[in-house]
Structure formats: structure tokens, C-alpha cells
Amino acid sequence: MAEADGNRTRRGLNQPPTGFEDRGTHQASGRLPDVVAKSRLARMSRTFQVVFDAADPGALADFWSEALGFVRQDPPAGFSSWEAWAAGQDIPASDWNKYDALIDPDGSGRRVFFQKVPEPKTAKNRCHLDIRVADRGMAPEQAMEMIEAEASRLVQLGATRGESYTELGSQWIVMQDPEGNEFCVT
């Protein structure tokens, strides 16, 4: 049963979210069918990782490790390296660079995963990363100085610099990683 709370409404666990009111509540009980109630539980937040398709996962992971300050994910317990793990799984050495993964050493950021694909990048990314180095409240000159410094550092690591933009109080530089994936420094 919904309970009014100012301008907001809190719904009980078995009450439909907004937009489901006419989608099959059971007439006699006013409750959702089990399949809808279960799907609501299935919508709880999930963890996720960011995945890059790559021609050379190891080399791209090297770049992003330096760009983000992330580290290689440790191998499973009992193995001194990923190579030792792969050999223990009878994975041929020729396949050892098909995947790579980075993690935030503080444990607060998302895992970044790299997977080898045969095709090259062909179009603009529909989703990209922003590397944030300037705070929103900074003076524009100070923010752009920090953004420029980070862009220069990333170029030294193998990135390509694109155009600079200022819009609605924000500033950023469009960049490309060594395999052409777009990202921004802001």
C-alpha cells in the first residue's frame, strides 16, 4: 500500500512501481503476480565493470593503469601470477594476452576489463570515460591548467589529444587512448 510523504510516495515491497498500475495486479488481493514481484527484486543495484575491446589487451591495460592510477588485478589465491594460473588451466601461452583487468587499489572504483577482439574500432564511442582532475567550483583558469597538465601527461603515455571545449561552466579536452577509444579529461 502506498503511503503519502509530502510530494513523494513510498511503496511497499509488493506494490508496483510507477507505470505498472495497470499491468496485471491481482484483482482480489491487489498484489502483484509473483513474476512481477520477483522482477522487482531482480532490479536491485548490481556491480558492474567497464569493458574495452582491444587489439592488444595488455598494452591497453598498461596505458589505462597509468592514466587512472589503477593496478593489475591479483591472480587467484594459490598462484604467483596470471601466467602461472593460465598454465595451470592448460591455456596455451599464445592466448595469455586475450584478457587483462585493472582494479582501483583503494577498492572504490570499478574494475576495468580488456578483451581481445579481431576487428578494429570503426566508429565513435557511444559511451566514454571522463578522467576528472578539476573540481567544478574551481576558477576556470585553474581548472583548465589542471586539465591541460593531465592531457599532456596522457599524451606522453600514448594518448592523442583532440579539441578543447568550454560549455555551461565546464571545460574538457577530448582524447583518444592508444587504440583510438575516445575519452575526456575534465
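Between S65, S94, the distinction of being polar (S, T, N, Q) and within 23 Å of the chain's Cα centre (by Cα) belongs to S65 only. Could you please let me know if R153 is closer than 19 Å to V51 by Cβ and either without any contact (Cβ under 8 Å) to a residue 12 or more places away in the chain or touching a helix residue (DSSP H, G or I) at 6+ places or on another chain (Cβ under 6 Å) (or both)? When the stated conditions are applied, R153 does not pass them. Evaluating I147 against the criteria (1) of a type in the set (V, I, T); (2) crowded, with 17+ Cβ neighbours inside 10 Å; (3) closer than 25 Å to D74 by Cα leaves one unmet condition, (3). Taken together, the residues in region 118-170 that are over 24 Å from G180 (Cβ atoms) and part of a helix (DSSP H, G or I) amount to 7.
Residue-level check: of (1) open to solvent by 60 Å² or more (accessible area, probe 1.4 Å); (2) at pLDDT 95 or above, I131 misses just (1). Looking at A134, is it in contact with a helix residue (DSSP H, G or I) (Cβ under 8 Å, 6 or more places away or on another chain) and in contact (Cβ under 8 Å) with a residue 24 or more places away in the chain? Yes. Note on region 173-186: residues that are in contact with a helix residue (DSSP H, G or I) (Cβ under 9 Å, 6 or more places away or on another chain) and open to solvent by 60 Å² or more (accessible area, probe 1.4 Å) total 1.
Taking region 135-167 as the range and being in contact with a Pro (Cβ under 9 Å, 6 or more places away or on another chain) and at negative phi as the test, the residues that pass are L157, A159, T160, T166.
The lone criterion from (1) closer than 19 Å to D53 by Cα; (2) in contact with a Phe, Trp or Tyr (Cβ under 9 Å, 6 or more places away or on another chain); (3) exposed (fewer than 10 other Cβ atoms within 10 Å of the Cβ) left unmet by G78 is number (1). Take E66 and tell me if it is open to solvent by 80 Å² or more (accessible area, probe 1.4 Å) and within 29 Å of R161 (Cα to Cα). It is true that E66 is open to solvent by 80 Å² or more (accessible area, probe 1.4 Å) and within 29 Å of R161 (Cα to Cα).
Looking across Q142, Q156, one residue alone is farther than 19 Å from G69 by Cα, open to solvent by 40 Å² or more (accessible area, probe 1.4 Å) and not hydrophobic (A, V, I, L, M, F, W, C). It is Q142. Give me the residue from region 86-115 that is touching a strand residue (DSSP E or B) at 6+ places or on another chain (Cβ under 6 Å) and outside any loop (DSSP other than H, G, I, E, B) and, out of that set, most open to solvent (accessible area, probe 1.4 Å). If we take residues in region 86-115 being touching a strand residue (DSSP E or B) at 6+ places or on another chain (Cβ under 6 Å) and outside any loop (DSSP other than H, G, I, E, B), then Y99 is most open to solvent (accessible area, probe 1.4 Å).
The values are calculated or read from the model by the stated rules, or taken from the named source; none is laboratory data. Computed from a predicted structure; not experimentally measured. As a convention, Cβ positions derive from the backbone with ideal geometry for all residues, glycine included, and neighbour counts pool all protein chains shown. Quick note on the areas: whole protein, heavy atoms, side chains included, nothing else; ligands and nucleic acids left out. Shrake-Rupley method; radii C 1.70, N 1.55, O 1.52, S 1.80 Å.
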